[in-house]
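The values are calculated or read from the model by the stated rules, or taken from the named source; none is laboratory data. Everything numeric here is computed off the predicted structure, so don't read it as measured data. Quick reminder, even Gly has a Cβ in these numbers, built from the backbone with ideal geometry, and neighbours come from all protein chains shown. In case anyone asks, the SASA skips ligands and DNA or RNA and just uses the protein heavy atoms, side chains included. Shrake-Rupley method; radii C 1.70, N 1.55, O 1.52, S 1.80 Å.
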Amino acid sequence: MAAWCAPALASTTPVTAYYPDPVAPGLGPASATINIDVMASIGGRCGFAANGAPNGTVNAGAIDTSAWSGQVPFVAECTAPWRIAVSSQNGALAAGVGAGSTGYTDRAPYTVSLNVVADDSTVTSTCPVAQIEQGISGSTCDFNGTASASNGLLVSRSYDQNGSYIEVGAPAYAGTDMLVSGTYSDTLTVTISPAS
């Protein structure tokens, strides 16, 4: 009776199968089964969709006389839980000319809101822009700074979902100090990262 040995694969032990013997059939197994374990892993992917990064300009107009607001959309492609964070260059709309004298200011506050559409929910949060100024310490805003595995607003998986946006706005300026004349501006930087 001829024999054939199958090599062990993966974590299995050797198994012997026998060629059928026409003289004495049925003396041994005619086949052998070998189980092969195949394993894989997928790392989280997170970024903005092609042409989906937040990119836009909001013209607030005459902020001393009128309320204003504007939205900038974005589309995320994150295959696992992720975080989004925003930082402000000035922490306000700023003219950059200085107050000049007591009773005047060249900084106007506004708010920043996130509306993030995930695969299973919508996550929202709003903070005063002063709470996301670059380099600020002790901020209470949950999306302040640069996104990392442990920093930023936590969002579940969100892949190619439309409807997410950053909104900025404020009522007409009503601070105690007068705004000096000039052109006011700010720049927001948005980052996203896989969560831990």
Check your understanding: With respect to A17, is the statement that it is at pLDDT below 95, assigned to a strand (DSSP E or B) and open to solvent by less than 100 Å² (accessible area, probe 1.4 Å) true?
Key -> yes
Check your understanding: Does S125 fit the bill of being modelled with pLDDT of 95 or more and either within 17 Å of F74 (Cβ to Cβ) or part of a strand (DSSP E or B) (or both)?
Key -> yes
Point to revise | Per-region count, the stretch 137-176, residues under 24 Å from D106 (Cα atoms), touching a strand residue (DSSP E or B) at 6+ places or on another chain (Cβ under 7 Å) and at pLDDT below 95 | key: 1
Study note, to complete from the structure: Across (1) open to solvent by less than 80 Å² (accessible area, probe 1.4 Å); (2) farther than 24 Å from W68 by Cβ; (3) of a type in the set (S, T, Y), S137 clears everything bar (1)
Study note, to complete from the structure: Counted residues in the stretch 118-151 being under 15 Å from A80 (Cα atoms) and under 11 Å from the mean Cα position of the chain (by Cα) come to 4
Practice item. Residue by residue through the stretch 98-127, note down the ones that are of a type in the set (D, E) and free of Cβ contacts under 8 Å to residues at least 60 places away in the same chain. Key: D119, D120
Point to revise | Odd one out for V112 among (1) of a type in the set (V, I, T); (2) in a strand (DSSP E or B); (3) at pLDDT below 95 | key: (3)
Revision key, fill the gap. Just one listed residue, out of A172, A195, is closer than 18 Å to L114 by Cα and either open to solvent by less than 40 Å² (accessible area, probe 1.4 Å) or without any contact (Cβ under 8 Å) to a residue 24 or more places away in the chain (or both), and it is A195
